[in-house]
Amino acid sequence: MKSQTWEKRHWLRVLGPVLIVSGMLVGCDSDTGSAQQEGQALQGPAGQGDQLEVVEGQATDPVMAMRSENSLQATIQEQDGRSVVTNPEAVTVIVNKQRSLPDGYEPKDLVEPNVKFSFDGANEKRFMRKEAAEALEKLFARAESEDIELRAVSGYRSYARQKVIFANNVRTKGEKEASRVSSVPGNSEHQTGLSIDVSSPSVDNTLEQSFGETTEGKWLAEHAPEYGFVIRYPEGAEDKTGYIYEPWHIRYVGTDVAPDLANSKLTVEEYFDNAFIKL
Ligand SMILES: [Zn+2]
């Protein structure tokens, strides 16, 4: 479980912005309608539901409340025989073999992070959603300051490109193996713009499990959570995540969640499963 110190620091961080928001509400007595302004003030991006909980005076742990709001069970709907996520824009969205993105989903805030890539030239693989891209820049800068050489290999992947990748894998590896190592279009986490594959010149920038044994791979696993990322497909969790161990695939879930998730030793699927969330 979390330490007292962590808890205290976290609450201070959460309460700071809340006090500002509360102040704004109290000061809002103009005739433009405070309800509308309240709505605007409280509508933060996904992941800030914790602040809402505190404003309402509930003594719930904000991270627990956020987990509950974004749980597997709370964020899915059946559509034409598929299970489609209801929160594709949330940094906590969970996409996997059982949960697909809505048809034609494309993030609106894709940008290119200013980091070293393993390849030259323009490519959609260079993009990530803005918040994740900024976090990646900080992660890579920290690595560089510690003489750890990382390279970004593959970030955003559109539905169209995933279609080509999956078809290639089926052709060369067969349907069963193809779905172990790649996703059917609409079910790839890369399509969210929140994931990126990272490697190092020490393994020729390849995406191999041996990367996890390198100095760089170990450094990445240790420090990624400080910047809001987790190793999405941990070793020995194929039955839970649906994917083999991928020490190179990091996923942005936000700086509130990532350290807690990493400490919990749960997979993303378990962390956001109501069976594991105790309110
Ligand atoms: Zn990946």
key: Above-threshold pairs, the threshold being 31 Å between Cα atoms, out of Lys108/Lys138; Lys108/Lys218; Lys173/Lys278; Lys130/Lys240; Lys125/Lys176; Lys97/Lys278   = Lys108/Lys218; Lys173/Lys278
request  = Would you mind getting the accessible area per residue of region 136-279, heavy atoms of the protein chains only, 1.4 Å probe, in Å²?
outcome  = 43 Å²
key: For Ile277, solvent-accessible area (1.4 Å; no DNA, RNA or ligand), Å²   = 20 Å²
task = At 1.4 Å probe size, with no ligands or nucleic acids counted, give the accessible surface of Lys116 in Å², nearest ten.
result = 110 Å²
task = Could you tell me which of rounded, prolate or oblate describes region 222-279, using a ≥ b ≥ c as the square roots of the eigenvalues of the alpha-carbon gyration tensor, with rounded for a/c under 1.5 and, failing that, prolate when a/b is larger than b/c and oblate otherwise?
result = oblate
ask   = Does region 78-277 come out rounded, prolate or oblate, given a ≥ b ≥ c as the square roots of the eigenvalues of its C-alpha gyration tensor, rounded meaning a/c under 1.5 and, failing that, prolate meaning a/b above b/c?
value = rounded
query = Put Met64, Met128 in order of accessible area, largest first, 1.4 Å probe: what do you get?
reply = Met64, Met128
request  = Would you mind pulling out the separation of the Cα centroids of region 242-261 and region 191-223, in Å?
outcome  = 12 Å
query = Using heavy-atom solvent-accessible surface (probe 1.4 Å) with all chains present, what is the largest-first order of Glu270, Glu144?
reply = Glu144, Glu270
task = Note down the accessible area of Ser158, probe 1.4 Å, to the nearest 10 Å².
result = 20 Å²
inquiry  = Quick check on region 78-277: of the DSSP beta bridges with both residues there, what percent are antiparallel, nearest 5%?
reply    = 90 percent
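The values are calculated or read from the model by the stated rules, or taken from the named source; none is laboratory data. Since this is a predicted model, take the numbers as computed values, not measurements. Ligands, DNA and RNA are stripped out before the accessible areas are found, and what is left, the full protein with its side chains, is counted by its heavy atoms. Shrake-Rupley method; radii C 1.70, N 1.55, O 1.52, S 1.80 Å.
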